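Notes to accompany the following structure.
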Amino acid sequence: MAVGQPAALLVAVLFISPLAAGLLGTFVQASAGADLLRNLGEVLNDPRLRAALVLTVFTGGLASVLVAALTSVVLVSAHGTRAWRALNAALPPLLAVPHAALAVGIAFLFAPSGFVLRLMSPSLTGYDRPPTDWTVPDAWGISLIVGLVVKETPFLVLAAVAQLRGLDVDESLSIGRTLGYSPARCWSRLILPRLWPRIRLAFLAILAFNLAVVDMAILLGPGHPPTLAVWLVQLVSDPSTRHVAAIGALLLTGIVIAACALVLLSERVLGLMAARRRRNGQRRPGSQLARRLGQAIAWILTLTGVLSLLMLPLWSFASRWRFPHAWPSAWTLQHWTHRLGSVFEPAVATLFFALISAVFAVCAGIVWLEAERRGRVPRLDSLWYVPLLVPQTTLLFGWQVWAIHAQLNGGWLVVMHAHWVYSLPYVVLILATAWRELDPRWMHASATLGVGYWRTLWRVRLPLLAGPVAQAAAVAVAVSVAQYLPTLLLGAGRQATLATELVAGQGGMDRRSMATLAVLQAVLPLTAFVLALRWQRRQRFAAPVAVVP
Amino acid sequence: MSALVVQDLELTAPGGEALISHLNFSLGAGEVLAVMGPSGSGKSSLLGWLTATLPAGFAATGQIHLDGQRIDSLPTERRRIGLVLQSDYLFPHMSVADNLLFGLRGGSRRERRERVAHSLELAGLAGFGERDPATLSGGQRARVSLLRTLLSDPAVLLLDEPFSRLDTARREQIRQFTWEQSAHLPVLLVTHDLADVPKGARVLEIGSPGRARATRLVPA
C-alpha cells in the first residue's frame, strides 16, 4: 500500500468542493428574491457603485502595474550586484508579514504625524504640529497603492528569482553584452521575455488580489467611498442587501477576469513589439545613472517595508511621543500588560488556526504530490491558483450561504477549512518543483536495500526535502495568520483572531493598541520563518527551496 | 587590422589563490592563441577578464589594448570582443534568423535580412531561418552561434571550448568552418584538446591549481 488515488481524491474534493459551492452559492444569492438581471440593474443604478468601481480599478490596477515595473527595475538594476544578496535576505520577512500588520506600519510611517515627517520636522518642513494637508488613509487611495506595492513587490521579485535559476541568466548576459548590448537591453530583450511566461500566473494572482483586497483596503483605503470589495463586505452583513453584495461580487469577478484578459492581450501586443525591437539590432550605451536610480528605487522600497515593520514595536512600547519628536521620550510596557487579557484569546485562536491548517495543508500537499509522482493523479498546477485568482468575496459569500444552511457558520471547523483552502495552493506550489525534481535514484537505492515504500518516504524522501517542507509550512502559517475575510464571514464574528481584531480596531482603537496587535500578528509568521530557516540549516543535506510561487 | 595586447595580468581566485601571474601576450589579426591547461587553472577566467564578465570574488589587474586603445576599463558591450561558449546559448525565444539579426550590427531592414540569409547560406543552413533553434542539430547550432557572434563585428574572437560538446564526426567540420570564418580576426581559443588547435597557432599553457603555477607561451 502506498499514497494513492483515494487520499489524493479526498484532498481534491476538500479543496474543490468549497470553491465550486462558493461560486454557486454566490450565484444563487445573486438571483435571490427576483431575477438576476433585475438585481443587476439595482446594483448598476446604485450611485455608490461608480465611485467604488473607479477607485477599485485605479488602486488595484495602478498598484499591479507598479509591482510589475518595480520588479523589473529591481531585477535589472540589482541582479548580480553586491546588494543583491542583502536585498534577497530582506524580502522573505516582508513576504511573511500579514497585510494588515504591514498596513498599520505604513500608516504609522506616512501619516501626518508619522515617522517620515517627524524625521524631517521641524528643521526641513517647518512643522511643529502635524500638518492637515493630507491624511492616511487618503481620499485618492494613494496610501493603499503604496501598501499594496510594498507588500506585493517582494512576492513577485521572489517568484522571479526562483524562476531565474532555469534561465541561464549569467550566460545570457555575457553573450548579450559581448554582442554589444547594455545590461538593461540584455534584460529587456533576452531575459524578461523568457521570464514573463514563468511568472505570469503569479502576477495575475497579484492583480486579482489588488483588485479585491479587503483588510488592507479597510486600513489604508478611503472610506467614502470605499473600494468595491470593502463596500460589498459592508453590504453582505445586512440580510436585506445580501443579494446586492452577491451581484457586486460577481461584478468584481468580472472586473478581475477583464483585467486578466487585458494583461494577456497586452502581453501579445508587447510581445510583437519586443520581437521587432530584437530584430533591429540597435545598441545604445547603458546608463549608469539609470542603473543607480533603479538601485535607489529598490532600496527605497525595501526600506519602506522594513521601517513600516519597525514602527510597530516602536509604537507598542512608546509612552510619550509628541510631534515632532523623532523618537518617543518615554517608554512603557503598559500597552502590553493592559491588553494582555483582551489579546490572549485572539492570539491563541490565530495560533490554533495557523498550526492546524499548516499541518493539514503540508500533509495534503505531500499526499497530492506523492500521488502525482506515482502517476495516480494528473498534474493540475493551474487548479491551485483558483483561490488566488477568484476574489475572496465571490467565493466566501457563497460559501457562507452553505455554511449557514449546514449550521456550520460561526464554528471553528468551517473557518479552519477556509484557512486550509487558502494555504494549500502555496504549499503545493512551493513543494512541487523540489518534490518532482528529487533524483528518483535515492528511492531506487533505498528499495534495493529492501526498504519498503512508507519507510523510504519517511526516512529518505522527506528528510531530503526537509527544507522545502519547512518553508512550505512557514508560508502556510503566514497565510493563515493573515486571513481576515474567511475568518470574519465564516466565523460570523464568533471566531476572533488577531487579523479580525486589528481590522476591527481601525478608527476606534488608539495607535499603541493597534501597534500591540500588529506586532503580535507579525511575530507569529516571522517566528515560523525563522524556525523553518533554522531547521533548513540543521538539515544540511536537504534540497534547497526550489520555487516560490 | 586588429591587434590584442594583454599586459601584466594577475588573476586571483575567490579563495585568494593566484591563477595567472605576469601574463603578457599580443595577438594580431589572423593569429590564434590556444589557451590550454587543466580544469580550474583559470583558462575560462582569463576570457571572463577579457570580456569583463568575471564572477564576483575574482580579482584581476592588468591592461588590455585593442588596436592601440586601452579597453580594460570599458564595460563588456563596448569592448568589441566576441565570445562563443561551450554551450551555444541560442536564445530559445527567437528563431534562428532572429538570433542572427540580434547579433548583426547596423544596416537597413532589407540589408539586414539579406546579410542574415547570406550567412545562413554560407553555413549550409539556407531555409533554416524561421526554425526554432531547438530543432537544429548540435553542429548546426554551433555554426549559428559562431555566425551570431561574427555578425556583431567583433575585433577579437574568444572561443571557450566551442567544439567539446560536438560528436567527433562533426567536430572537424565545425573546426574548419570556424577557422575559415574567423581568419581575419585575432582568436583566443580555450581548449583541452590539442586537435582543436590549428596549425601555426601559439599555445599558452597554464599550470595546474595547487602547484607552483607556470604560465608558458609556446611559439608556433
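The values are calculated or read from the model by the stated rules, or taken from the named source; none is laboratory data. Worth saying up front: this structure is predicted, and the values here are computed from it rather than measured. Every residue, glycine among them, receives a Cβ derived from its backbone with ideal geometry; neighbour counts consider all protein chains shown.
How many residues are of a type in the set (Ser, Thr, Tyr), at pLDDT 90 or above and not in a strand (DSSP E or B) when one looks only at the range B:1-37?
Taking the range B:1-37 first, the residues of a type in the set (Ser, Thr, Tyr) are B:2, B:12, B:21, B:26.
Subset that is at pLDDT 90 or above: B:12, B:26.
Among the residues that remain, those that are also not in a strand (DSSP E or B) are: none.
The qualifying residues number 0.
Considering only residues of the range B:47-77 that are part of a helix (DSSP H, G or I) and either over 16 Å from the mean Cα position of the chain (by Cα) or within 18 Å of B:Leu188 (Cβ to Cβ) (or both), which is farthest from the other protein chains (Cβ to nearest Cβ)?
Looking only at the range B:47-77, we keep the residues that are part of a helix (DSSP H, G or I), and these are B:47-50, B:76-77.
With the extra rule that they be either over 16 Å from the mean Cα position of the chain (by Cα) or within 18 Å of B:Leu188 (Cβ to Cβ) (or both), the set shrinks to B:47-50, B:76.
Numbers: B:Leu47: 9, B:Gly48: 8, B:Trp49: 12, B:Leu50: 10, B:Thr76: 4 Å.
Out of the qualifying residues, it is B:Trp49.
Conditions tested, residue by residue: (1) farther than 21 Å from B:Arg80 by Cβ; (2) among the small types (Gly, Ala, Ser).
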site: B:Gly139; (1), (2): yes, yes
site: B:Thr149; (1), (2): no, no
site: B:Asp153; (1), (2): no, no
site: B:Leu157; (1), (2): no, no
site: B:Glu161; (1), (2): yes, no
site: B:Arg165; (1), (2): yes, no
site: B:Ala169; (1), (2): yes, yes
site: B:Thr178; (1), (2): no, no
site: B:His184; (1), (2): no, no
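Got a number for residues in the range A:236-251 being among the hydroxyl-bearing types (Ser, Thr, Tyr) and not in a helix (DSSP H, G or I)?
Let us first name the residues in the range A:236-251 that are among the hydroxyl-bearing types (Ser, Thr, Tyr), namely A:237, A:240-241.
From what is left, the residues that are not in a helix (DSSP H, G or I) are A:237.
Residues meeting the conditions: 1.
Consider the range B:78-93. How many of its residues are outside any loop (DSSP other than H, G, I, E, B) and aliphatic (A, V, I, L, M)?
Residues of the range B:78-93 outside any loop (DSSP other than H, G, I, E, B): B:78, B:81-84.
Now narrow it down to the ones that are aliphatic (A, V, I, L, M): B:81, B:83-84.
So the answer is 3.
Exactly one of (1) in contact (Cβ under 8 Å) with a residue 12 or more places away in the chain; (2) farther than 16 Å from A:Met311 by Cα; (3) among the hydrophobic types (A, V, I, L, M, F, W, C) is unmet by A:Val97. Its number?
A:Val97 satisfies all of (1) in contact (Cβ under 8 Å) with a residue 12 or more places away in the chain; (2) farther than 16 Å from A:Met311 by Cα; (3) among the hydrophobic types (A, V, I, L, M, F, W, C) except (2).
Just name the residue that is farthest from the other protein chains (Cβ to nearest Cβ) out of those in the range B:110-131 that are among the aliphatic types (A, V, I, L, M) and either farther than 21 Å from B:Tyr89 by Cα or part of a helix (DSSP H, G or I) (or both).
Applying the first criterion (among the aliphatic types (A, V, I, L, M)) to the range B:110-131 yields B:116-117, B:120, B:122-123, B:125-126.
From what is left, the residues that are either farther than 21 Å from B:Tyr89 by Cα or part of a helix (DSSP H, G or I) (or both) are B:116-117, B:120, B:122.
Details: B:Val116: 9, B:Ala117: 13, B:Leu120: 15, B:Leu122: 19 Å.
Across the range B:110-131, the extreme among qualifying residues is B:Leu122.
From the residues in the range A:515-549 that are basic (Lys, Arg) and at pLDDT 75 or above, which one is nearest to A:Val477 (Cα to Cα)? Break it down stepwise before answering.
Narrowing the range A:515-549 to residues basic (Lys, Arg): A:534, A:537-538, A:540.
Then keep just the ones that are at pLDDT 75 or above; that gives A:534, A:537.
Values: A:Arg534: 16, A:Arg537: 20 Å.
Among those residues, the one meeting the criterion is A:Arg534.
Given the criterion under 30 Å from A:Ile255 (Cα atoms), of a type in the set (A, V, I, L, M) and crowded, with 22+ Cβ neighbours inside 10 Å, identify the matching residue among A:Leu383, A:Leu396, A:Leu369, A:Leu388. Please lay out each step first, then the result.
Numbers: A:Leu383 fails: crowded, with 22+ Cβ neighbours inside 10 Å; A:Leu369 fails: under 30 Å from A:Ile255 (Cα atoms); A:Leu388 fails: crowded, with 22+ Cβ neighbours inside 10 Å.
Step by step, each of A:Leu383, A:Leu396, A:Leu369, A:Leu388 is checked, and only A:Leu396 is under 30 Å from A:Ile255 (Cα atoms), of a type in the set (A, V, I, L, M) and crowded, with 22+ Cβ neighbours inside 10 Å.
Between a first residue in the range B:168-188 that is in contact (Cβ under 8 Å) with a residue 60 or more places away in the chain and a second residue that is assigned to a helix (DSSP H, G or I), which pairs have beta carbons less than 9 Å apart while being 6 or more apart in sequence or on different chains?
As it stands, the answer is B:Leu185/B:Leu150; B:Val187/B:Thr178; B:Val187/B:Trp179; B:Leu188/B:Leu46; B:Leu188/B:Leu47; B:Leu188/B:Leu50, since those pairs meet every condition given.
Of all residues in the range A:114-129, which are buried (at least 16 other Cβ atoms within 10 Å of the Cβ) and at pLDDT 90 or above? Break it down stepwise before answering.
Within the range A:114-129, the subset buried (at least 16 other Cβ atoms within 10 Å of the Cβ) is A:114-115, A:117-118, A:121, A:127.
Those that are buried (at least 16 other Cβ atoms within 10 Å of the Cβ) and at pLDDT 90 or above: A:Gly114, A:Phe115, A:Leu117, A:Arg118.
Do we find a residue being among the hydroxyl-bearing types (Ser, Thr, Tyr), within 19 Å of B:Gln181 (Cβ to Cβ) and buried (at least 19 other Cβ atoms within 10 Å of the Cβ) anywhere in the range B:31-44?
At the first step, the residues of the range B:31-44 found to be among the hydroxyl-bearing types (Ser, Thr, Tyr) are B:39, B:41, B:44.
Applying the additional criterion that residues be within 19 Å of B:Gln181 (Cβ to Cβ) yields none.
Among the residues of the range B:31-44, not one is among the hydroxyl-bearing types (Ser, Thr, Tyr), within 19 Å of B:Gln181 (Cβ to Cβ) and buried (at least 19 other Cβ atoms within 10 Å of the Cβ), which makes the answer no.
So B:His93 ticks every box in (1) farther than 18 Å from B:Ser152 by Cβ; (2) in contact (Cβ under 8 Å) with a residue 40 or more places away in the chain; (3) within 13 Å of chain A (Cβ to nearest Cβ) but one. Which box is left unticked?
Condition not satisfied by B:His93: (2).
Quick one: would you say A:Pro425 is of a type outside the set (Gly, Ala, Ser), in a helix (DSSP H, G or I) and under 22 Å from A:Pro468 (Cα atoms)? I'd like the intermediate steps shown before the answer.
Values: of a type outside the set (Gly, Ala, Ser): yes; in a helix (DSSP H, G or I): yes; under 22 Å from A:Pro468 (Cα atoms): yes.
Yes: the conditions hold for A:Pro425.
Can you pull out every residue in the range B:189-201 that is part of a helix (DSSP H, G or I) and touching a residue at least 60 places away in the same chain (Cβ under 8 Å)?
Initially, the range B:189-201 is screened for residues part of a helix (DSSP H, G or I), giving B:194-196.
The answer is B:Leu194, B:Asp196.
Of all residues in the range A:478-517, count the ones that are farther than 17 Å from A:Phe344 by Cα, outside any helix (DSSP H, G or I) and not hydrophobic (A, V, I, L, M, F, W, C).
7
Inspect the range A:191-213 for any residue being in contact (Cβ under 8 Å) with a residue 40 or more places away in the chain, surrounded by fewer than 20 Cβ atoms within 10 Å (Cβ to Cβ) and of a type in the set (Lys, Arg) and give the result as yes or no.
yes
Does the range A:77-106 hold any residues that are modelled with pLDDT of 90 or more and either surrounded by fewer than 23 Cβ atoms within 10 Å (Cβ to Cβ) or touching an Asp or Glu at 6+ places or on another chain (Cβ under 6 Å) (or both), and which are they? So that I can check it myself, show each step before the final result.
Step one: list which residues in the range A:77-106 are modelled with pLDDT of 90 or more, which gives A:97-106.
Once the filter is applied, which keeps residues that are modelled with pLDDT of 90 or more and either surrounded by fewer than 23 Cβ atoms within 10 Å (Cβ to Cβ) or touching an Asp or Glu at 6+ places or on another chain (Cβ under 6 Å) (or both), the range A:77-106 yields A:His99, A:Ala100.
With the condition kept exactly as written, say whether any residue in the range A:476-490 is touching a helix residue (DSSP H, G or I) at 6+ places or on another chain (Cβ under 7 Å) and surrounded by fewer than 22 Cβ atoms within 10 Å (Cβ to Cβ). Explain how you work it out, then say what you get.
Quick first cut of the range A:476-490, residues touching a helix residue (DSSP H, G or I) at 6+ places or on another chain (Cβ under 7 Å) only: A:476-490.
Adding the requirement that they be surrounded by fewer than 22 Cβ atoms within 10 Å (Cβ to Cβ) leaves none.
Within the range A:476-490, not a single residue is touching a helix residue (DSSP H, G or I) at 6+ places or on another chain (Cβ under 7 Å) and surrounded by fewer than 22 Cβ atoms within 10 Å (Cβ to Cβ).
If you go through the range A:189-200 one residue at a time, do you hit one that is closer than 17 Å to A:Ser77 by Cβ and of a type in the set (Phe, Trp, Tyr)? Give the derivation first.
So in the range A:189-200, the residues closer than 17 Å to A:Ser77 by Cβ come out as A:189-192, A:195.
Now restrict to residues that are of a type in the set (Phe, Trp, Tyr): none.
Among the residues of the range A:189-200, not one is closer than 17 Å to A:Ser77 by Cβ and of a type in the set (Phe, Trp, Tyr), which makes the answer no.
Pick from A:His325, A:His335: which is in contact (Cβ under 8 Å) with a residue 60 or more places away in the chain, loosely packed, with under 14 Cβ neighbours inside 10 Å and either in contact with a Phe, Trp or Tyr (Cβ under 7 Å, 6 or more places away or on another chain) or at negative phi (or both)?
Only one candidate passes the filter, namely A:His325.
Filter the range A:432-457 down to the residues that are small (Gly, Ala, Ser) and assigned to a loop (DSSP other than H, G, I, E, B), then identify the one that is surrounded by the most Cβ atoms within 10 Å (Cβ to Cβ).
Residues of the range A:432-457 small (Gly, Ala, Ser): A:432, A:434, A:445-447, A:450, A:452.
Now drop any that are not assigned to a loop (DSSP other than H, G, I, E, B), which leaves A:450, A:452.
On the way: A:Gly450: 7, A:Gly452: 12.
Going through the qualifying residues, I end up with A:Gly452.
Is it the case that some residue within the range A:28-43 is of a type in the set (Val, Ile, Thr) and at pLDDT below 85? Walk me through how you get there before you give the answer.
First, pick out the residues of the range A:28-43 that are of a type in the set (Val, Ile, Thr): A:28, A:43.
Adding the requirement that they be at pLDDT below 85 leaves A:43.
Checked the range A:28-43: at least one residue is of a type in the set (Val, Ile, Thr) and at pLDDT below 85.
Here is a list: A:Leu23, A:Leu49, A:Leu55. Which entry is of a type outside the set (Ser, Thr, Tyr), under 21 Å from the mean Cα position of the chain (by Cα) and crowded, with 17+ Cβ neighbours inside 10 Å?
Working: A:Leu23 fails: under 21 Å from the mean Cα position of the chain (by Cα); A:Leu49 fails: under 21 Å from the mean Cα position of the chain (by Cα).
So the residue among A:Leu23, A:Leu49, A:Leu55 that is of a type outside the set (Ser, Thr, Tyr), under 21 Å from the mean Cα position of the chain (by Cα) and crowded, with 17+ Cβ neighbours inside 10 Å is A:Leu55.
Select from the range B:134-154 the residues that are assigned to a helix (DSSP H, G or I) and either within 22 Å of A:Arg283 (Cβ to Cβ) or among the aromatic types (Phe, Trp, Tyr) (or both) and list them in ascending order. Break it down into steps so the answer makes sense when it comes.
Going residue by residue through the range B:134-154, those that are assigned to a helix (DSSP H, G or I) are B:134-135, B:138-151.
Selection gives B:Val144, B:Ser145, B:Leu146, B:Leu147, B:Arg148, B:Thr149, B:Leu150, B:Leu151.
Of the conditions (1) in a helix (DSSP H, G or I); (2) within 13 Å of chain A (Cβ to nearest Cβ); (3) out of contact with any Leu (no Cβ under 8 Å at 6 or more places or on another chain), B:Gly107 satisfies every one except a single condition; which number is it?
Every condition holds for B:Gly107 apart from (1).
Given the conditions (1) more than 14 Å from chain B (Cβ to nearest Cβ); (2) at pLDDT below 90, which single one is not true for A:Ala318?
(2)
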